[in-house]
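J.: Got a structure for you, written out below as structure tokens; questions coming shortly.
The values are calculated or read from the model by the stated rules, or taken from the named source; none is laboratory data. Just so it is clear, the model here is predicted, and its values are computed rather than measured. Cβ coordinates were reconstructed from backbone atoms using ideal geometry, including for glycine residues, and neighbour counts include every protein chain displayed.
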Amino acid sequence: MGQGHSKGARPRSAAPLGWNNPRVRSFVYQASVLIAVISVVWFFAATAQENLERLNISSGFGFLDNTAGFGIIQTLVPYSEQSSYGRAFIVGLLNTLVVAVIGIVLATLLGFLIGVLRLSNNWLIAKLAAAYVEIMRNIPLLLHLFFWYFAVLRPLPGPADSLNPLPGVLLNNRGLILPAPIFDAGIIAFLVAFAVALIGGVFLVRWSRKRQRDTGQLFPAWRVFAALIVFLPGLTWLVAGAPFHLDFAVEGAFDYTGGMRLLPEFVALVLGLTLYTAAFIGEIVRAGIQSVGRGQREAAASLGLKEGTTLRLVVIPQALRLIIPPLTSQILNLTKNSSLAVAIAYPDLVAVFSGTVLNQTGQAIEVITITMAVYLTLSLLTSLAMNWYNARVALQER
Amino acid sequence: MKNPLVALIVGILIGAGGLYFFLPYDPLLLISQNAQVASTQGGEGEDRASAGDTLQRVRNRGFLQCGVSQGLPGFSSPDEQGNWSGIDVDFCRALAAAIFHDPAKVRFRPLSAKDRFTALQSGEIDILSRNTTWTMSRDTQLGFDFIGVTYYDGQSFIVRKDAGIDTAKDLAGGTICTETGTTTELNLADFFRSRGLSYKVLSFEKNDEAVVAYDRGRCDAYTTDASGLYAQRLKLTNPDANKVLDDVISKEPLGPAVRQGDPQWEDIGRWTLNALLNAEELGVTSANLDDMLESDNPRVKRLLGREGAYGEAIGLAPDWAVHAIRATGNYGEMFERNVGTQTPLGIKRGLNALWTDGGVQYAPPVR
């Protein structure tokens, strides 16, 4: 690549376009490999197609429009038994995404905490964090899921004797049931006011930092920010007449209906994924922090920075350079590991699509191809975002 | 070579040459063969050969690969020593005995409901004998042929006795645990949808977890085929506090399946099952088999290979049925030994009685 682009700097290739010309040679080699790869893929695809036809196995993607006919317990978009397999695919995909995103956020937060605690000067805290890491990361994830699922289920009562810690909040072995917020028309004004307050606050903080840098004058930016974010939307809320009410769950024959619900399967899956991955992230964070030279801390201390400030302004920014690449791997792992959900009946992409849909249609090649493509796309997008972030925090050489 | 186009052509030739070199067989030959088959149209022999002579492959291997469940008492479940037992298992043993004259020449491959069809399609197993419901789509779209019905079943529910549920309709609004990738999931949806009732379904990958979840009270009911419910009930912490509803919401004819496209293999499976059923009808048991070999009844003589060449017609020895019956007994013996009233499952013959006894088990005659 580099050679090809820098050809202008050198005299135009003197060698004739023969076999002795390295550019021709490399082109021939690459073309050969490419052709060979394409031929092999084509050969396998053609063989598979021929065998499917011979065995009378249906193929093609037309099945996505057929009626699914099965129910799914957690749907983030409207779905019923009359919906199509394609719709079931979307339901499964969203269920995977919601678990992955929540799991990634929680695991990263917990992982950072564990990593920092492992380096604590307090002997007990450091050892507890170390014990956490060793126990959590050495138990297979599937066992984590079973443990948390049945650990979550066991102490919870049936719907008839639901725990009722707060008015409208119910806890039983069918899930955590909360009142669902129902928004009325006036909510738009409230949201706009909130956004204005947020953006205004960010600019305010930036402005005050710049002023402090330039003139040394202090401005209580955070306090003004807080006031802004409370009073501006608050006033709009009152003016709009509280455009909001709660939908409380009502008791049904077996169970409560209405309200919002966190399924035990979802909670167990998020718990298992978070606790397991956080142990790995904790080690990555510890390694990153320890890689920052001792002199950096001592220099910060000699400037009179407090321990927390040192960590935030000196150590972490340098540690991030080492933390981000392996952290990306863990985030990818968490997303892919969420496919174990089917073991505890959480309806993720693998459970719904390459489980139920595959069995109803029998079109293994198509279904598995789509599933693999989804995980590949998710992983590549995550990598892309993390690489972008990594490039931002990487050492800027001047 | 003055320009890249020439280089590209050379590249293509080298690539194609390399591919040709590494192929396991000659693609040009394959193309000409295909053209031949297409042109003759009557290429039955060719087709059959390419579909895979399953019997020959089984014989060469020396044992039968039989796909069974991961553990369903009465149908296919291993004991502590890893010895399999059950109706589905016995059918495979009978088949192995018919082929090899030795019921031990079979290996059982435990499969989840999710993996079973792919295992049969890919040729990993020779026969799927895994309490699998015979449906039209499975018979036509998956590339299988079902060879008969080993057990007439129907889907039902198990509920807690104190829940006040007497019929399936009382479950409206409840949560129901089941196993993913089964007809059960669809029947459930059909049942509630057609009655305009709501329900929630929790689909587990393995029935073990589904049963534990039901046992812990996560679900109001656990659903599967009635035979499975009787078996799973034994695994609950307090079996007597639970009951199987009398309602049956579906037809579930369970039977073994083979890959489509090998008529001989299909016939071997079908007629081994029919032989076991006919044996019961004719009163041939594993105990009186030796006496029956001397029987004058022409129907018995044909079944046991004393008359005619029925075994040869399916590529087996004339006395194939004798070996099958000696291995497992007739259908009635298989039923009583594995799921009958003397077993913990305690299932009555019901629909599975012979047609002569008021059931629907009816085998075409050997003649």
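J.: Across segment B:125-155, what is the number of residues that are out of contact with any strand residue (DSSP E or B) (no Cβ under 7 Å at 6 or more places or on another chain) and either within 14 Å of chain A (Cβ to nearest Cβ) or aromatic (Phe, Trp, Tyr) (or both)? Please lay out each step first, then the result.
T.: Keep residues of segment B:125-155 that are out of contact with any strand residue (DSSP E or B) (no Cβ under 7 Å at 6 or more places or on another chain), which gives B:135-137, B:140-142, B:148.
From what's left, either within 14 Å of chain A (Cβ to nearest Cβ) or aromatic (Phe, Trp, Tyr) (or both): B:135-137, B:140-142.
Going through segment B:125-155 one residue at a time, the tally reaches 6.
J.: Determine, yes or no, whether A:Asn95 is more than 20 Å from A:Met372 (Cα to Cα), more than 12 Å from chain B (Cβ to nearest Cβ) and at pLDDT 90 or above. Talk me through it step by step, then tell me what you get.
T.: Values: more than 20 Å from A:Met372 (Cα to Cα): no; more than 12 Å from chain B (Cβ to nearest Cβ): yes; at pLDDT 90 or above: yes.
So A:Asn95 fails the test.
J.: Where in segment A:257-316 are there helices (runs of 4 or more DSSP H), lying fully within it, with 1 or more residues that are touching a residue at least 40 places away in the same chain (Cβ under 8 Å), in contact with a helix residue (DSSP H, G or I) (Cβ under 9 Å, 6 or more places away or on another chain) and within 29 Å of A:Arg137 (Cβ to Cβ)?
T.: Numbers: elements: A:264-290, A:294-302, A:307-310.
It comes to A:264-290.
J.: To continue, here is another question. Can you tell me which of (1) over 26 Å from A:Glu265 (Cα atoms); (2) away from every other protein chain (no Cβ under 14 Å); (3) in a helix (DSSP H, G or I) is the one B:Pro253 doesn't meet?
T.: (3)
J.: I'd like the residue in segment A:37-78 that is farther than 24 Å from B:Gln141 by Cβ and part of a loop (DSSP other than H, G, I, E, B) and, out of all such residues, is nearest to the other protein chains (Cβ to nearest Cβ).
T.: Initial filter on segment A:37-78 (farther than 24 Å from B:Gln141 by Cβ): A:37-43, A:73-78.
Within this subset, residues satisfying the condition of being part of a loop (DSSP other than H, G, I, E, B) are A:73-78.
Numbers: A:Ile73: 5, A:Gln74: 9, A:Thr75: 11, A:Leu76: 15, A:Val77: 17, A:Pro78: 14 Å.
In this case the residue turns out to be A:Ile73.
J.: Has segment B:125-132 got any residue that is out of contact with any helix residue (DSSP H, G or I) (no Cβ under 9 Å at 6 or more places or on another chain) and of a type in the set (S, T, N, Q)? Step through it out loud before you land on a result.
T.: So in segment B:125-132, the residues out of contact with any helix residue (DSSP H, G or I) (no Cβ under 9 Å at 6 or more places or on another chain) come out as none.
So far as segment B:125-132 goes, no, none of its residues is out of contact with any helix residue (DSSP H, G or I) (no Cβ under 9 Å at 6 or more places or on another chain) and of a type in the set (S, T, N, Q).
J.: From the residues in segment A:178-196 that are of a type in the set (Phe, Trp, Tyr) and not in a strand (DSSP E or B), which one is modelled with the lowest pLDDT?
T.: From segment A:178-196, those of a type in the set (Phe, Trp, Tyr) are A:183, A:190, A:194; that's our starting set.
If we keep only those that are not in a strand (DSSP E or B) as well, we get A:190, A:194.
On the way: A:Phe190: 81, A:Phe194: 86.
Step by step, filter segment A:178-196, then rank; the result is A:Phe190.
J.: Can you pull out the residues in segment B:167-215 that are among the charged types (D, E, K, R) and facing another protein chain (nearest Cβ under 9 Å)? Spell out how you get there, then give the answer.
T.: Initial filter on segment B:167-215 (among the charged types (D, E, K, R)): B:169-170, B:179, B:185, B:190, B:193, B:195, B:200, B:205-206, B:208-209, B:215.
Listed by number, the residues that qualify are B:Asp170, B:Glu185, B:Asp190, B:Arg193, B:Lys200, B:Glu205, B:Lys206, B:Glu209.
Yes/no matrix, rows are residues, columns are (1) touching a Ser or Thr at 6+ places or on another chain (Cβ under 6 Å); (2) touching a residue at least 12 places away in the same chain (Cβ under 8 Å):
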position	(1), (2)
A:Val99	yes, yes
A:Ala107	yes, yes
A:Leu156	no, yes
A:Val169	no, no
A:Ile182	no, yes
A:Ala185	no, yes
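J.: If you go through segment B:139-164, how many residues are modelled with pLDDT under 90 and in contact with a helix residue (DSSP H, G or I) (Cβ under 8 Å, 6 or more places away or on another chain)?
T.: Result for segment B:139-164: 5.
J.: Next question. Can you find, within segment A:164-177, the residue that is farthest from the other protein chains (Cβ to nearest Cβ) among those that are in a strand (DSSP E or B) and either more than 19 Å from B:Gly174 (Cα to Cα) or of a type in the set (Ser, Thr, Tyr) (or both)?
T.: Just the residues of segment A:164-177 that are in a strand (DSSP E or B), to begin with: A:164-166, A:169-172, A:175-177.
Filter again for either more than 19 Å from B:Gly174 (Cα to Cα) or of a type in the set (Ser, Thr, Tyr) (or both), leaving A:164-166, A:169.
On the way: A:Asn164: 18, A:Pro165: 20, A:Leu166: 23, A:Val169: 20 Å.
Filtering segment A:164-177 for residues that are in a strand (DSSP E or B) and either more than 19 Å from B:Gly174 (Cα to Cα) or of a type in the set (Ser, Thr, Tyr) (or both), the one farthest from the other protein chains (Cβ to nearest Cβ) comes out as A:Leu166.
J.: Just to confirm my filter: which strands (runs of 3 or more DSSP E) fall fully inside segment B:84-162 and include at least 3 residues that are more than 19 Å from B:Glu333 (Cβ to Cβ)?
T.: By residue number, B:106-110, B:144-146, B:155-160.
J.: Confirm whether B:Gly164 is facing chain A (nearest Cβ under 7 Å) and on the phi > 0 side of the Ramachandran plot. If you could, list the steps in order and put the result at the bottom.
T.: Numbers: facing chain A (nearest Cβ under 7 Å): no; on the phi > 0 side of the Ramachandran plot: yes.
Spelling it out, it is not the case that B:Gly164 is facing chain A (nearest Cβ under 7 Å) and on the phi > 0 side of the Ramachandran plot.
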